[in-house]
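Okay, structure first, notes after.
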Amino acid sequence: MSHGVKYFMWRDGRPRWQPSKIMRERGLHGRDLKDGRCEWLSMAAALAAAHDLNLSAGVKETLPNIIVPRGDPTAPGFVYFLLVRDRIKIGFSLQPAQRLKQLATGLADPVDMFAFFRGSRSDEVAIHRTFASHHVSGEWFDASQHILKFLMSCVKERRIVHAKTVLRI
């Protein structure tokens, strides 16, 4: 499963960048996507790494217009998911509880779910790329089964730091 990034594979919790046959003939080799401690990258970090490998290999990818991160894109914070009716906002914040309060005052409908996990702006951008086919506007996406299943996997992997409600799929 490519998750929207060419040559990216995710099997049994193990991300891998696997170039095409032509790319391998040019001398490129597949790579397990691990961090400096030889641990498997998270989904978001692996997608970003695969995208970077594609760029360095000269692969042209069509990506959605996304918000360009300000400051250090790898600085720690929280990636949050805000469900309102049939839409999910995927964003980044250093203080997600305060961000929820800010957002809630401008929403016409009540918040159905709010969850967040530790991550960076780079993680947020990678998640935006992953769900580009569900993009509506800005940081808003259709609340597709694909996105909800991703959130459930985060809950199961205990990556979610906080969730306001329990997701049911």
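Quick notes
- Matching residues in the stretch 79-96 - criterion: being among the hydrophobic types (A, V, I, L, M, F, W, C) and in contact with a His (Cβ under 8 Å, 6 or more places away or on another chain): ILE90
- A residue that is of a type in the set (Val, Ile, Thr), over 20 Å from ALA46 (Cα atoms) and free of Cβ contacts under 8 Å to residues at least 40 places away in the same chain occurs somewhere in the stretch 98-120.
- Looking only at residues of the stretch 7-42 that are in contact with an Asp or Glu (Cβ under 8 Å, 6 or more places away or on another chain) and closer than 16 Å to ASN54 by Cα, we find that the one that is surrounded by the most Cβ atoms within 10 Å (Cβ to Cβ) is PRO15.
- Residue pairs whose Cβ atoms lie under 7 Å apart, sitting 6 or more positions apart in sequence or on different chains, and linking a residue in the stretch 136-155 that is farther than 12 Å from ALA115 by Cα to a partner that is aromatic (Phe, Trp, Tyr), are PHE141/PHE131; HIS146/PHE131; ILE147/PHE131; ILE147/PHE141.
- Which numbered condition TRP140 misses (of (1) of a type in the set (Phe, Trp, Tyr); (2) under 12 Å from the mean Cα position of the chain (by Cα); (3) at pLDDT 90 or above): (2)
- Set ILE147, ILE88: member being part of a strand (DSSP E or B) and either at positive phi or at pLDDT 85 or above (or both): ILE88
- Residues satisfying the stated conditions in the stretch 87-124, i.e. basic (Lys, Arg) and surrounded by fewer than 16 Cβ atoms within 10 Å (Cβ to Cβ): LYS101, ARG118
The values are calculated or read from the model by the stated rules, or taken from the named source; none is laboratory data. Just so you know, these numbers come straight off a predicted model, no measurement behind them. Positions of Cβ are generated from backbone atoms using ideal geometry, with glycine treated the same way; all protein chains shown enter the neighbour counts.
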